[in-house]
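These notes are about the structure you will find just below.
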Amino acid sequence: MSKVKIYQFEGYDVNNDQMKKSRRLGTREAIEIIHCHVLEETATDVDESAVKSDIPGLTARDFIPHPREGFQRSVSS
């Protein structure tokens, strides 16, 4: 499986009138499409399958890129 670089990002929350960090991670291309700010220092490489969620280029909510052995990878609501 090929690797892809993903980042945390933040966008403007109109309900609270402030910038808010997303609960997802995404590729630079996907983040730019949704007009959010890439947090460069959070870059990490993951398998390409991690960014095939309900929104192309973004991970599932609360995705953990490098989980420790025995820990779950995400939380479903």
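No lab work stands behind these numbers, since they all come straight from the coordinates. Worth saying up front: this structure is predicted, and the values here are computed from it rather than measured.
Numbers at a glance
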| quantity | calculated |
| --- | --- |
| Whole-Å semi-axes of the ellipsoid equivalent to region 3-51 (Cα gyration tensor, √5λ, descending) | 21, 10, 9 |
| Gained length - GLU40 relative to LYS52, 0.36 nm times residue gap less alpha-carbon distance | 2.2 nm |
